[in-house]
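Engineer: Mind looking over this structure? Questions follow.
Taken together, the values in this text are just the output of simple stated rules run on the coordinates, not laboratory data. Since the model is a prediction, treat every value here as computed from it, not as a measurement. A quick note on method: Cβ atoms are made from the backbone with ideal geometry, for glycine too, and the neighbour counts reach across all protein chains shown.
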Amino acid sequence: MLKYTTHTGAIALIAFSVSLTSFAQTSGADTYKAKCQMCHAADGSGNTPAGKAMKAHPFDSPDVLKQSDTDLVAVIKNGKNKMPAFTGKLTDAQITDLVEHIHSLQKK
Ligand code: HEC
């Protein structure tokens, strides 16, 4: 089960100010903050107003854990239900970094 922490909101605020200054060179974590966090939350729980409304699954739920990296890349590229497609908006390298970041969130 996920633990919801009260400092998630503070992290989101810090993340927002960081994302404004990090366009040039971005890691998976930076790209995640800029493009994904508004729905999936900083901790990958999907515990945001948009994530809850659209039913984004927590990244550490069994449904997501069972998916291969290839599956996750396909979802990010092509979208899935309410999840927007990011083909053309992110490079393959950025998407690979994002999958790594998702795994780091699953390990908590
Ligand atoms: C507008 C809200 C929104 C944004 C922005 C968004 N997602 Fe999603 N995402 C969703 C929703 C909703 C789902 C669940 C889709 C479903 O299965 O119905 C999802 C599913 C996923 C999944 C598959 C997990 C599953 O539920 O099977 C991955 C991986 C994922 N998103 C990664 C990302 C990444 C990486 C980004 C940023 C590049 C991102 N998402 C941006 C809403 C969003």
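Engineer: Report, by residue number, each residue of region 51-68 that is more than 19 Å from HIS101 (Cβ to Cβ) and near the ligand (Cβ under 7 Å from one of its atoms).
Structural biologist: MET54, LYS55
Engineer: Still on this structure, I have one more. For residues that are part of a helix (DSSP H, G or I) and in contact with a Leu (Cβ under 9 Å, 6 or more places away or on another chain), scanning just region 51-84, find the one that is farthest from LYS33 (Cα to Cα).
Structural biologist: VAL64
Engineer: Let me ask something else. Looking at region 23-50, which of the residues that are among the hydroxyl-bearing types (Ser, Thr, Tyr) and either touching a His at 6+ places or on another chain (Cβ under 6 Å) or in a loop (DSSP other than H, G, I, E, B) (or both) is nearest to the ligand (Cβ to nearest atom)?
Structural biologist: Step by step, filter region 23-50, then rank; the result is TYR32.
Engineer: Starting from residues that are assigned to a helix (DSSP H, G or I) and surrounded by 18 or more Cβ atoms within 10 Å (Cβ to Cβ), keep the ones in region 85-98 and report whichever is nearest to the ligand (Cβ to nearest atom).
Structural biologist: LEU98
Engineer: For residues that are over 12 Å from the mean Cα position of the chain (by Cα) and either surrounded by 15 or more Cβ atoms within 10 Å (Cβ to Cβ) or closer than 18 Å to THR31 by Cβ (or both), tally how many sit in region 74-83.
Structural biologist: Selection size over region 74-83: 4.
Engineer: Under 8 Å by Cβ, and 6 or more places apart or on different chains, what pairs join a residue from region 39-66 that is more than 18 Å from SER104 (Cβ to Cβ) with one that is more than 7 Å from the ligand (Cβ to nearest atom) and not in a loop (DSSP other than H, G, I, E, B)?
Structural biologist: THR48/GLN37
Engineer: Separate question: Would you point out which residue out of ALA34, ALA42, ALA53, ALA29 is hydrophobic (A, V, I, L, M, F, W, C) and more than 14 Å from the chain's Cα centre (by Cα)?
Structural biologist: Of ALA34, ALA42, ALA53, ALA29, the one residue that is hydrophobic (A, V, I, L, M, F, W, C) and more than 14 Å from the chain's Cα centre (by Cα) is ALA53.
Engineer: Report, by residue number, each residue of region 69-84 that is near the ligand (Cβ under 6 Å from one of its atoms), touching a helix residue (DSSP H, G or I) at 6+ places or on another chain (Cβ under 7 Å) and not aliphatic (A, V, I, L, M).
Structural biologist: Matches in region 69-84: LYS82 only.
Engineer: What are the residues in region 51-76 that are touching a His at 6+ places or on another chain (Cβ under 8 Å) and among the acidic types (Asp, Glu), if any?
Structural biologist: Hit for region 51-76 is ASP63, nothing else.
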